[in-house]
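What follows draws every value from the coordinates through simple rules; no lab data is involved. Nothing here was measured: the structure is a model prediction, and the numbers come from that model. Note that each Cβ is placed from the backbone with ideal geometry, even for glycine, and that neighbours are counted across all protein chains shown.
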Ligand code: BJ8
């Protein structure tokens, strides 16, 4: 990485603490990502983007602001990226995936709160995240109680616009959510000084849909057996999709898919023989949280699909492109986002059905449920997911963890036991 210290200093980062963070990332990346064998060449772009995660991409955002654009930070897949793009903004996902300044965060937040929220505040307090420091506005949402109350605290440090997300999907909820989308439009127009017009919104819808289509194409290629891409590489791409330029990302994902199709047709896989195919389901895994997929894939199985916000939940639905005017487009955007099946909704039948569908479509041997400790929506909904999978006789493993590495040994033992069980259940395959 070039020397970006002057830029980081200008953004107000704590340079010593930030240098410390940057020292930890390369060895972790080496162990979890680069150590994999026979990776597609197209992954080089994503390796490069990751190597410049606090460098070149931040420089692009700084330049974007210098030329009059705004940067908007989000924490959740319910926040419509299209609206940010339509006011000439750059959208960056801010979910934090590493244990940073936990003690400092616990001065404001209870200890028994999920690692994702504590980490997010930790990054802010420790002044080590150039993304959050580049933002003109943060957009929160009333998903789980922890996040909702956290945004009130964060708002004391930096402006947060919180969208009210309903928890059901009835007509009254749809009306509320459509209004909330318009309330966000007003705030974005105020911050950016630009009005959203029909042409800009239509273009933004198309750009983000294209990104989703590319990610869906990649998801489709994960059905290949033997596999042409690992679950860890697919996760990395999904994580990068939250902060990279959407047009460039789409182009690179499509180029990678071209290569993967060639590999598939040429009989080239990442590892030859069949290995147990795992569906990972549950809480999101923000960069650099690769702990559980690394355990699974170094234990001889493959993460064939991720039913999470850093997986297919992020790009599964497209915005309907047929709307004739601005109001119609805003409704189409609102309706698309309301289809997301996060565990904060009740009832949440769609998620159970989708998990069953993925099990079938991706020829899944077992489901590993990844729950962050103290995450009420996902820890509680796990029971119904397990019940559903029991009906279909799909092996299920529930893992509750946080961002520390202390439980690596115990998690590995449990994952290996599951893989052994799956292998003995399907002796004909091995
Ligand atoms: S749409 S999954 S990104 S809310 S892990 S903070 S739920 S206590 S992250 Fe999420 Fe949006 Fe839903 Fe997706 Fe709360 Fe649970 Fe923590 Fe969570």
Gyration tensor verdict on segment 20-163 (Cα atoms; rounded if a/c is under 1.5, prolate if a/b is larger than b/c, oblate otherwise): oblate
Cα gyration tensor category, rounded, prolate or oblate, for the chain with a/c compared to 1.5: rounded
Ranking of 45, 403 by count of other Cβ atoms within 10 Å, fewest first: 45, 403
Cα-based helix-to-principal-axis angle, 246-265 vs the chain, degrees rounded to 10: 20
Förster radius 41 Å - calculated FRET efficiency between residue 191 and residue 223, Cβ distance, rounded to 0.05: 0.45
Over segment 280-341, equivalent-ellipsoid semi-axes from the Cα gyration tensor in Å: 34, 10, 8
Pair residue 349, residue 66: separation of 7 Å Cα→Cβ label points (nm): 5.5
Extension gain (nm, one decimal) between residue 413 and residue 168, 0.36 nm per residue minus Cα-Cα: 84.3 nm
Contour excess over end-to-end distance, with Cα ends at residue 203 and residue 423 and 0.36 nm allotted per residue: 74.4 nm
Per-residue Cβ neighbour rank within 10 angstrom, fewest leading, 244, 63, 225: 63, 225, 244
Estimated inter-spin distance, residue 47 and residue 31, nm [label 7 Å along Cα→Cβ]: 1.9
Computed label-point distance, nm, for sites residue 255 and residue 360 using a 7 Å Cα→Cβ extension: 3.8
Residue-span extension gain [residue 19 to residue 406] - 0.36 nm each, minus C-alpha spacing: 136.9 nm
Pairwise FRET efficiency - residue 274 versus residue 156, Cβ, R0 = 51 Å, nearest 0.05: 0.45
Sorted by Cβ neighbour density within 10 Å, fewest at the top, the residues 18, 274: 274, 18
